[in-house]
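The values are calculated or read from the model by the stated rules, or taken from the named source; none is laboratory data. Since this is a predicted model, take the numbers as computed values, not measurements. Cβ: placed from backbone, ideal geometry, glycine included. Neighbour counts: every protein chain shown.
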Amino acid sequence: MPVVHLNGPTMGTTYNIKYVVENEDAIDDLQRKVDERLAEINKLMSTYDTTSELSRFNQYRYTDTFAVSDETQLVVTEALRLGELSDGVLDITVGPLVNLWGFGPNKRPAQIPTQAEIDEVRNFVGLDKVAVSDSGLTKRHPMVYVDLSTIAKGYGVDQIAELLERHGLKNYLIEIGGEMRVRGHRGNGDPWLIAIEKPVTTERAIQKVVSIGRNAIATSGDYRNYYEDDGVRYSHLIDPRTGRPISHNLVSVTVVHPYSMTADGLATAINVMGWEQAISLAEEQGLAVLLIRKTDDGFEEYISSEFDKIVDVHN
């Protein structure tokens, strides 16, 4: 069966969609519909577009309720749920700390932030600093800044999956900036195959090739985005519990889940947590998780029982 490939720019990255054409012609205006849907989501949740709904909320310096769309409410609600599930590790208000350490729009700082600077920013960082209700979002401190980048690309993937299914498509792969969701087969009856990258900075290499059934997959790693200062490595992943970059040896987390938004958020949260906490959460919550940590001899893997159950490894 023929496979159609659509791609384009979105959310500061790119999207790729492959779908199998069955019994009918390729859908003429599907790319336009995809572009329009992704543009709508970006207009709601982008922190780079200063006129987006989320940017306007971030610029609002009051603590009364700010009206937002149902979609933004839904994504913030899921982000807060995952924040609670991860004991505050996934924190959509952590952006000012990310910026302070030089991983946001501000570039690398001239010097490493002091504890006093970290403490000052932490006054308006935390899951308790933002609330969602039927009427909108509320800040508990006027300087609160919400960033949905850990979860919005995944939401975009889920929305495109809904769009394809409304057009009767049952065999597809959707990817936005590395977040992926698949259903069915890739045209020849075989499952879609997904490569999980080896967590090394020196080359692009494959750790595992997997098929995931009708699910989404997200990987979070700290092995590409970092800088070094006086021999110390500073990761772009900031632990909101300390206000500092993570410093443990868990280097890559892959999560498989029915929804890309949830997989996206969980992968980041679990990566920040560290090895022991990550294993504990995965087994308590029945999460499909592959962890990779760096050891003196190379890398060590941990595969959760749920991952083992729903994921097929092909290498």
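A few remarks follow.
- Residue in segment 28-38 that is without any contact (Cβ under 8 Å) to a residue 60 or more places away in the chain, over 18 Å from VAL144 (Cα atoms), touching a strand residue (DSSP E or B) at 6+ places or on another chain (Cβ under 7 Å) and not hydrophobic (A, V, I, L, M, F, W, C) present: yes
- Within segment 227-266, tally of residues that are out of contact with any helix residue (DSSP H, G or I) (no Cβ under 9 Å at 6 or more places or on another chain) and under 29 Å from GLU162 (Cβ atoms): 1
- Strands (runs of 3 or more DSSP E) lying entirely in segment 151-249 (those with 2 or more residues that are farther than 19 Å from PHE299 by Cα and touching a Ser or Thr at 6+ places or on another chain (Cβ under 6 Å)): 179-183
- Members of segment 66-79 found to be in a helix (DSSP H, G or I) and more than 14 Å from the chain's Cα centre (by Cα), listed by number: ASP70, GLU71, THR72, GLN73, LEU74, THR77
- Subset of segment 80-105 [among the hydrophobic types (A, V, I, L, M, F, W, C) and not in a loop (DSSP other than H, G, I, E, B)]: LEU80, LEU82, LEU85, LEU97, VAL98, LEU100
- Counted residues, segment 167-221 - those being hydrophobic (A, V, I, L, M, F, W, C), in contact with a helix residue (DSSP H, G or I) (Cβ under 6 Å, 6 or more places away or on another chain) and either farther than 21 Å from SER252 by Cβ or surrounded by fewer than 19 Cβ atoms within 10 Å (Cβ to Cβ) (or both): 1
- Within segment 36-48, being farther than 18 Å from VAL76 by Cα and buried (at least 16 other Cβ atoms within 10 Å of the Cβ) holds for one residue alone: ARG37.
- Filtered residue count, segment 122-150, keeping only those that are part of a strand (DSSP E or B) and either on the phi > 0 side of the Ramachandran plot or touching a Pro at 6+ places or on another chain (Cβ under 8 Å) (or both): 1
- So VAL157, is it touching a Gly at 6+ places or on another chain (Cβ under 8 Å), surrounded by 18 or more Cβ atoms within 10 Å (Cβ to Cβ), aliphatic (A, V, I, L, M) and at pLDDT 95 or above: no
- Qualifying positions in segment 5-45 - at pLDDT below 95 and under 18 Å from the mean Cα position of the chain (by Cα): MET11, GLY12, THR13
- Total residues in segment 201-231 satisfying the condition of being more than 20 Å from ALA278 (Cβ to Cβ) and free of Cβ contacts under 8 Å to residues at least 24 places away in the same chain: the figure is 8.
- Within segment 225-247, considering residues that are aliphatic (A, V, I, L, M) and surrounded by 12 or more Cβ atoms within 10 Å (Cβ to Cβ), the one modelled with the lowest pLDDT: LEU237
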